[in-house]
Amino acid sequence: MKKKSLVIISSILFAGAIIFAACSEGNEDLNIVDNSPLGVSALSKMYLSNSSGKSSRDVALEDPRDCCGGVLAAHIDNENLSFPVITDSFDELYDFRDNLLSKGQGTVGQIYIDAYYELSTMIKNEEVTLDELIKVSSLLPEIFEVYEKMNDPNHIGVIINDNLKAEITELLDTYKLKRTNDDRYQGLITAISQDVETLSNRDKPQIDGFLSQEIIFLVKFLYYV
């Protein structure tokens, strides 16, 4: 009888462990949200302390294809390569910019748009590597998934998990190999990498609030607190 009871208890515990593992796998992001204070964007601090004084609207790209995505797409076309995730993604990237990052003038989200255009002017004539294309192509679907989560009113849990953070950081490290003597360029990439670290394991309201922070608040935080 005792042996039979042990078998029953063991079976229940085993089944419970399987159910728990399945639930944990399906809801991995639900249990690890970091609720500690976010602080100030590293990219915003760099812009406030050492700005070129130009907004995205002031940075005149001679050709729309001179933006980072356009440069990659042109290289793919010129070399007869096939990276459809990159070449077919412009509409999604514009949505990402206009609907997620564009929080109005003077916000952290707008600073990210400004930084994108500034970085584009810096690297438009730099060599495009196969490693760069592979990493961008691999990362874009996950970036679009981030956008979908941010647009989903019912999404609960982490937006950028540790695996995605590692992929983004790896791509940024690849871009750090360009213009190694350009302090401004290197500083922008480093600041973005720091912000990715800050935003990892955060939920939708935290990231939305981070991007919506206004510069006037950041100035007060940096210089008067």
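The values are calculated or read from the model by the stated rules, or taken from the named source; none is laboratory data. These figures come from a predicted structure and were not determined experimentally. Every residue, glycine among them, receives a Cβ derived from its backbone with ideal geometry; neighbour counts consider all protein chains shown.
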| said: I need the full set of residues from segment 57-79 which are among the aliphatic types (A, V, I, L, M), at pLDDT 55 or above and more than 22 Å from the chain's Cα centre (by Cα), in order please. | reply: Ala74, Ile76
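Quick one: which of Ile168, Ile134, Ile156 is of a type in the set (A, V, I, L, M, F, W, C) and crowded, with 17+ Cβ neighbours inside 10 Å? Quick ask: steps written out before the conclusion?
Values: Ile134 fails: crowded, with 17+ Cβ neighbours inside 10 Å; Ile156 fails: crowded, with 17+ Cβ neighbours inside 10 Å.
Testing whether each residue is of a type in the set (A, V, I, L, M, F, W, C) and crowded, with 17+ Cβ neighbours inside 10 Å leaves just Ile168.
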| task | State which residue pairs qualify: first residue in the same structural domain as Leu100 (by TED's automatic domain parsing) and inside segment 137-148, second residue of a type outside the set (Phe, Trp, Tyr) and not in a helix (DSSP H, G or I) in any location, beta carbons under 6 Å apart, and separation of 6 or more residues or different chains. | result | Leu140/Ser89; Val146/Ile159
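Residue-by-condition table, conditions (1) under 13 Å from the mean Cα position of the chain (by Cα); (2) of a type in the set (Asp, Glu); (3) under 22 Å from Glu214 (Cα atoms); (4) at pLDDT below 95:
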site: Tyr112; (1), (2), (3), (4): yes, no, yes, yes
site: Asn125; (1), (2), (3), (4): no, no, no, yes
site: Asn151; (1), (2), (3), (4): no, no, yes, yes
site: His155; (1), (2), (3), (4): no, no, no, yes
| request: Would you mention how many residues in segment 141-163 are within 17 Å of Leu101 (Cβ to Cβ) and touching an Asp or Glu at 6+ places or on another chain (Cβ under 8 Å)? | output: 5
